[in-house]
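What follows is a set of notes on a single structure, which appears directly below.
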Amino acid sequence: MGGVRSYNEYCAVAQALDVVGERWSLLIIRELLIRGPSRYTDLRYGLPGIATNLLADRLRELEEAGVVQRADAPPPVATTLFDLTERGKELEPVVKALGRWGGPLVTRPIGDNEFRSHWLALPLELHLRDRTPNARAQTIEVRTGDHPMTVEVKGGTVDVRPGKAERPDLVLTGVASQVLGLMLNRLELAEAQKRGLKVEGDARVLKRVQP
């Protein structure tokens with residue numbers, strides 16, 4: 001991997017960081033874990049702070065390391081998709097561990113930080129639990145800006161995915177810090193509403209999923 005700085009240590013941690021420790025590399029992996037096979041433009045949208053030439057460099061480096069691969073999108077779409085290799089998918093527990101550790105940090109006000117709604121998938125999937133697995137399936141639609149997210153709870157599992165819910169039991173509309181604070185049980189419902197969070201539907205669903 002020419003051009004990539006190395007720690008020059010015969011240590012598994014250092015060797016791993018030689019591959020994924022460059023700035024933006026783990027965030028590219030985050031995008032591919034959340035979104036699956038993605039176009040270059042999808043990655044640019046999900047990484048608003050990266051220069052296009054730097055994204056191209058990081059993708060090339062990750063390809064050379066066997067972490068990322070390219071594939072042609074199926075017809076009629078004529079474009080190249082980027083996806084994780086099997087080796088790359090082995091980094092999922094690493095990214096999730098970072099997401100779990102960083103969860104408390106993203107309940108603070110956003111300030112001037114960039115935000116994309118699909119970034120909510122990681123902290124929500126990591127922290128939410130289905131407390132009543134024998135109850136019927138329920139969904140929460142989360143609206144925090146660019147695109148809605150759906151949280152589906154059923155059968156003891158919680159699935160978070162981009163897109164609108166067909167018939168949501170609860171809709172939460174507001175800034176990400178309010179939504180996360182409420183859903184992760186670090187902010188009371190009344191306080192969240194006082195701060196401007198809009199709550200529509202059956203708020204009891206929150207008790208089912210809150211940690």
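No lab work stands behind these numbers, since they all come straight from the coordinates. Note that the structure is a prediction, hence the values are computed from the model and not measured. Positions of Cβ are generated from backbone atoms using ideal geometry, with glycine treated the same way; all protein chains shown enter the neighbour counts.
Can you quote the Å³ per residue value for the convex hull of the Cα atoms in the range 107-165, rounded to an integer?
In the range 107-165, the Cα hull volume divided by residue count equals 78 Å³.
Using a Gaussian network model of the chain whose springs link C-alpha atoms within less than 10 Å, name the residue from Gln138, Gln15, Gln69 with the highest mean-square fluctuation.
In this elastic network of the chain, the residue with the biggest mean-square fluctuation among Gln138, Gln15, Gln69 is Gln15.
Report the label-to-label distance for Thr41 and Arg108 in nanometres (one decimal), using points 7 Å from each Cα along the Cα→Cβ vector.
3.6
Compactness ratio of the range 12-90: Cα Rg over 2.2 N^0.38 Å, N = residue count? If you can, show how the numbers build up before the last one.
Working: Rg = 12.3 Å, N = 79, 2.2 N^0.38 = 11.6 Å.
Expressed relative to 2.2 N^0.38 Å, the Cα Rg reads 1.06.
Helix 25-35: angle to the longest alpha-carbon principal axis of the chain, degrees 0 to 90, nearest 10?
Once rounded, the angle reads 50 degrees.
Using only Cα atoms, tell me the angle between helix 92-102 and the longest principal axis of the chain; keep it within 0 to 90° and round to the nearest 10.
On a 0 to 90 degree scale, this one is about 50.
So, how do all the Cα-to-Cα distances of the range 105-209 break down into 10 Å bins, in percent, from 0 on up?
P(r) for the range 105-209, in whole percents per bin: 15, 54, 28, 3, 0.
Using 7 Å Cα-to-Cβ label points, what is the Asp72/Phe115 separation (nm, one decimal)?
4.1
Using a basic spin-label model with each label point 7 Å from the Cα along Cα→Cβ, how many nm lie between Thr157 and Val94?
Placing both labels 7 Å beyond Cα along the Cβ direction yields 2.6 nm.
Any idea how many Lys pairs in the range 67-211 come in under 23 angstrom at the alpha carbon, given 8 or more places apart or on separate chains?
On the way: Lys96/Lys154; Lys154/Lys164; Lys154/Lys207; Lys164/Lys198; Lys164/Lys207; Lys194/Lys207; Lys198/Lys207.
So the count of such lysine pairs works out to 7.
For Ala16, put the label point 7 Å out on the Cα→Cβ axis and report which residues of the range 64-102 keep their amide N under 19 Å from it.
65-68, 84-102
Extension gain Arg186-Glu63, at 0.36 nm per residue separation less the Cα-Cα distance, in nm? Show your work: numbers first, answer last.
Details: separation 123, 0.36 × 123 = 44.28 nm, distance 3.98 nm.
That pair, Arg186 and Glu63, stretches by 40.3 nm at full extension.
Semi-axes of the equivalent ellipsoid for the chain, please: Cα gyration tensor eigenvalues, times 5, square-rooted, ordered largest first, whole Å. Mind showing how you got there, number by number?
Working: eigenvalues 227, 71, 57 Å².
Three semi-axes, in Å: 34, 19, 17.
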